[in-house]
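The structure appears right after this line, and notes come after that.
The values are calculated or read from the model by the stated rules, or taken from the named source; none is laboratory data. Computed from a predicted structure; not experimentally measured. We place every Cβ from the backbone using ideal geometry, glycine too, and count neighbours over all the protein chains shown.
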Amino acid sequence: MTNQLVPPRLTATQDLEALLDAAVDAIIVIDHSSHILTFNHAAERLFGYAQEQVLGQDISMLMPAPYKAAHAGYVDAYLNTGHARIIGIGREISARRRDGSVFPAALSVGKIGDANPPRFVGFIHDISARKAAEESLRQSESLLRNAQSIAQLGNYEYVYPDGVISWSDEMYHLLGLPKASGPLHIKELGQRFVHADDTAHFDRICTHAYTTFDRFDFEFRIHRYDGAVRYIHSQGTVHPHPAGAHVTGTLHDITDRKLAEDELRIGQERLTHVARLSTMGEMAAGLAHEINQPLTAIATYAQAAVRLMDSPDGADPVDLRDALLQIVAQSLRAGEVIRRLRGFVKTRAANSERLEINRLIEDIRILAGSDARVNDIRLILDLDPRAPGVAGDPIQLQQVLLNLIRNAIDATCECPGALRELTVTTRPLGDGVEVAVIDHAGGIPESVAQHLFNPFFTTKETGTGLGLAISRSIITAHRGKLGYRPTPGGGTSFFFTLPQLVGV
Amino acid sequence: MKDTPSTIFVVDDDDAVRTSLRLLLKSVGLPVETFSSAQEFLDAFDAERAGCLVLDIRMPGMSGLELQQKLNEMHAIIPIVFITGHGDVPMAVEAMQHGAIDFIQKPFRDQELIDRINQARETDQKNREGLGERDAIIKRMGHLTPREREVLNLVTKGKANKVIAFDLSVSQRTVEIHRARVMEKMGASSLAHLVRMVLEAERAI
């Protein structure tokens with residue numbers, strides 16, 4: 001039994017040949033003077049030579065120029081010193097095909113037994129595909145790095161609470177951190193970099209995201225490593241993880257955009273303020289009248305009271321008391337006009353709050369009504385109690401209303417014989433409310449209509465031409481629409497819509 | 001003036017201004033009636049009642065100026081003291097051109113208003129005394145030249161100076177001179193007063 005299992009010598013040679021032929025890698029054996037002794041099928045395929053063409057030839061024929069010369073030196077050096085530069089280590093080399101083309105290859109070399117003179121076996125594996133993939137990866141990483149640098153957007157991946165999985169280079173740049181410091185744990189990021197005023201916000205959103213596995217998308221400020229304050233937009237997704245939460249996200253430095261937005265917002269607020277002052281200027285006659293009336297009553301009551309007291313019969317205390325109470329009431333009336341006026345003309349930042357549109361309109365009845373009255377026009381409010389709540393800036397919306405009323409007053413005054421009446425209406429729409437200011441001033445001529453919303457276009461002698469343009473931009477900022485339509489009987493209805501306040 | 005009971009009619013749409021005026025005039029012992037609109041006053045108007053009108057120039061609906069025009073059309077002779085706000089001077093001037101006694105700006109000193117009112121009451125009394133003396137009117141009309149009579153007739157028919165000049169084939173300036181002479185000879189304080197005198201005289205004939 002045992003004898004039959006011992007392979008004969010001939011069989012061993014056959015096995016070796018089969019092994020050589022089946023091998024996927026090129027296998028080449030050379031002698032101590034670099035002559036090729038063995039060249040397997042894979043080698044033939046790889047280099048494009050037939051076995052007969054290379055046997056006995058110098059191995060350097062398979063190498064491109066710079067390696068060619070060096071090779072003989074390596075072999076000699078090994079033979080003289082016994083110092084292996086490659087044997088048992090393997091390295092990446094460049095190899096040359098028969099057609100002259102060069103390709104990257106992995107080479108591992110072994111010395112064959114105790115053969116004397118020594119022989120060496122080399123295994124050569126084409127690594128072009130791997131190299132190409134590596135190069136492509138390197139390129140796309142470089143592209144990504146460039147893109148992130150240009151966009152000022154860094155990405156990261158970490159497991160909460162364990163630690164960071166990956167951090168892009170731009171993350172360091174964003175925070176002003178030296179790359180050598182290594183990625184920061186999210187807790188450290190929060191503690192060291194997030195602006196003191198934003199930490200509560202930051203912590204709340206992170207905690208919520210990590211516990212509910214919700215997407216997150218929010219903004220906060222950081223103190224960069226160099227102390228500069230930057231605005232960061234953070235977006236990401238969270239997935240459950242055995243350790244807690246797996247978080248993937250981006251940080252985006254939006255400081256430049258923020259500053260530009262701020263500039264724009266401040267510019268718009270100034271312009272809006274100027275337009276408001278201008279509207280007030282146009283309403284000055286009405287406002288003066290509205291303050292002059294109570295002043296007249298106060299002066300007259302007081303003078304009457306003095307005369308009553310001076311009269312020989314003595315004053316009736318009931319009359320005196322009534323006069324004094326009226327003086328108080330009229331003082332408050334004048335004060336109220338001034339209070340509303342001050343609220344309206346002061347410089348302020350826009351803000352959004354919950355509003356009842358009907359109340360907002362009631363609140364400007366004094367300002368608008370006095371303007372109408374001095375122009376001998378009746379102001380009628382026709383407010384639908386079903387008008388829904390809206391969100392917006394009360395002063396800006398009142399500004400739009402006053403501007404529309406002011407325009408309607410001017411139009412009525414310039415239209416002889418027009419019905420001297422203005423109506424302000426509210427009515428609920430499907431998903432909001434429409435507010436309209438309706439006049440009977442004969443409609444808008446075509447030549448005027450086409451420029452109506454252009455800034456600096458005006459038909460008034462002293463107009464700025466900003467009223468309607470700014471009114472429209474205010475309403476657009478409130479996600480509404482401002483427009484006009486002719487009304488039956490020769491008038492115009494200027495209207496604006498506002499979306500209903502959601503979640504109420 | 002002391003003998004004739006005369007009333008101050010106050011027309012102002014502002015409740016506070018109106019009631020304060022009522023108290024002020026009451027405090028100096030003047031009989032007052034107040035109205036919140038020109039129309040309300042017109043509805044209650046009686047040409048025979050003596051007195052004067054204290055009238056707000058700006059009011060919704062019928063303005064003070066429109067009421068003055070209506071009263072002139074009715075040949076009412078009630079004197080008017082206008083009360084005006086700031087910036088109403090052009091309107092006040094127009095009111096004066098149409099025969100108002102004076103105008104006074106809000107807010108006003110009580111004495112100033114009372115003086116104007118007294119002035120208006122005197123005018124009213126004089127007008128009424130003048131009206132009462134039909135014989136005197138007719139006598140004064142007798143002093144007019146034939147050309148002045150012609151001018152009087154045309155003026156009281158409401159014709160403008162320009163039209164009268166054309167009708168009589170004289171210059172407008174000549175008409176103005178005749179007209180002034182007529183007013184002077186007749187002792188008329190206003191066109192309305194003149195018309196009233198002519199009506200009175202015709203009634204007597």
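Summary of values
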| item | result |
| --- | --- |
| Long-range neighbours under 6 Å by Cβ, at least six apart or interchain, first residue within 11 Å of chain B (Cβ to nearest Cβ) and over 23 Å from B:MET62 (Cβ atoms) within region A:361-374, second assigned to a helix (DSSP H, G or I) and of a type in the set (Asp, Glu) | none |
| Any hit, region B:11-22, residues being of a type in the set (Lys, Arg), farther than 19 Å from A:ARG373 by Cβ and assigned to a helix (DSSP H, G or I) | yes |
| Residue in region A:158-169 that is under 30 Å from A:LEU19 (Cα atoms) and in contact with a helix residue (DSSP H, G or I) (Cβ under 6 Å, 6 or more places away or on another chain) present | no |
| Residues satisfying the stated conditions in region A:106-115, i.e. free of Cβ contacts under 8 Å to residues at least 60 places away in the same chain and closer than 19 Å to A:SER34 by Cβ | A:LEU107, A:SER108, A:VAL109, A:GLY110, A:LYS111, A:GLY113, A:ALA115 |
| Residue that is farthest from B:ASN118 (Cα to Cα), among those in region B:23-74 that are charged (D, E, K, R) and not in a helix (DSSP H, G or I) | B:ARG58 |
| So A:ILE357, is it in contact (Cβ under 8 Å) with a residue 60 or more places away in the chain and either outside the structural domain of A:HIS273 (by TED's automatic domain parsing) or in contact with a Ser or Thr (Cβ under 9 Å, 6 or more places away or on another chain) (or both) | yes |
| Scope region A:76-118; condition hydroxyl-bearing (Ser, Thr, Tyr), surrounded by 13 or more Cβ atoms within 10 Å (Cβ to Cβ) and not in a strand (DSSP E or B); matching residues | A:TYR78 |
| Residue ranges of helices (runs of 4 or more DSSP H) in region A:1-75 with at least 1 members surrounded by 12 or more Cβ atoms within 10 Å (Cβ to Cβ) and modelled with pLDDT of 85 or more | A:41-47, A:51-54 |
| Hey, A:ARG378 crowded, with 19+ Cβ neighbours inside 10 Å and farther than 18 Å from A:THR497 by Cβ or not | no |
| Unique match (being touching a helix residue (DSSP H, G or I) at 6+ places or on another chain (Cβ under 7 Å), over 24 Å from A:HIS173 (Cα atoms) and of a type outside the set (S, T, N, Q)) among A:ALA200, A:ALA245 | A:ALA245 |
| Residue check for B:SER63: buried (at least 19 other Cβ atoms within 10 Å of the Cβ), at the interface with another protein chain (Cβ under 10 Å from one of its Cβ atoms) and of a type outside the set (D, E, K, R) | no |
| Residues within region A:320-337 that are without any contact (Cβ under 8 Å) to a residue 12 or more places away in the chain and within 16 Å of B:ARG22 (Cα to Cα), tallied | 3 |
| Region B:85-106 - residue that is buried (at least 20 other Cβ atoms within 10 Å of the Cβ) and within 10 Å of chain A (Cβ to nearest Cβ) and, of those, farthest from B:SER27 (Cα to Cα) | B:ASP88 |
| Of all residues making up region A:70-102, the number that are in contact with a helix residue (DSSP H, G or I) (Cβ under 8 Å, 6 or more places away or on another chain) and under 18 Å from A:HIS32 (Cβ atoms) | 7 |
| Residue in region A:296-317 that is surrounded by the fewest Cβ atoms within 10 Å (Cβ to Cβ), counting only those that are within 11 Å of chain B (Cβ to nearest Cβ) and over 14 Å from B:ASP110 (Cβ atoms) | A:PRO312 |
| Selected residue (criterion: farthest from B:GLU112 (Cα to Cα)) from residues of region A:318-338 that are among the small types (Gly, Ala, Ser) and within 8 Å of another protein chain (Cβ to nearest Cβ) | A:ALA329 |
| Residue in region A:387-401 that is of a type in the set (D, E, K, R) and in contact (Cβ under 8 Å) with a residue 60 or more places away in the chain present | yes |
| Residue in region A:412-427 that is in a helix (DSSP H, G or I), within 21 Å of A:THR279 (Cβ to Cβ) and within 14 Å of chain B (Cβ to nearest Cβ) present | yes |
| Those residues of region B:1-40 which are hydrophobic (A, V, I, L, M, F, W, C) and within 12 Å of another protein chain (Cβ to nearest Cβ), in sequence order | B:VAL10, B:ALA16, B:VAL17, B:LEU21, B:LEU23, B:LEU24, B:LEU25, B:VAL28, B:LEU30, B:VAL32, B:ALA38 |
| Test: residue in region A:145-165 that is surrounded by fewer than 17 Cβ atoms within 10 Å (Cβ to Cβ), assigned to a loop (DSSP other than H, G, I, E, B) and either on the phi < 0 side of the Ramachandran plot or touching a residue at least 12 places away in the same chain (Cβ under 8 Å) (or both) | yes |
| Test for B:ALA180: is it buried (at least 16 other Cβ atoms within 10 Å of the Cβ) and not in a strand (DSSP E or B) | no |
| Single condition B:ILE77 does not satisfy, out of (1) farther than 20 Å from A:THR296 by Cβ; (2) part of a helix (DSSP H, G or I); (3) in contact with a helix residue (DSSP H, G or I) (Cβ under 8 Å, 6 or more places away or on another chain) | (2) |
| Qualifying residue in region B:141-149 (condition: crowded, with 17+ Cβ neighbours inside 10 Å, among the hydrophobic types (A, V, I, L, M, F, W, C) and within 16 Å of the chain's Cα centre (by Cα)) | no |
| Any hit, region A:312-322, residues being more than 58 Å from the chain's Cα centre (by Cα) and either in the same structural domain as A:SER168 (by TED's automatic domain parsing) or of a type in the set (Lys, Arg) (or both) | yes |
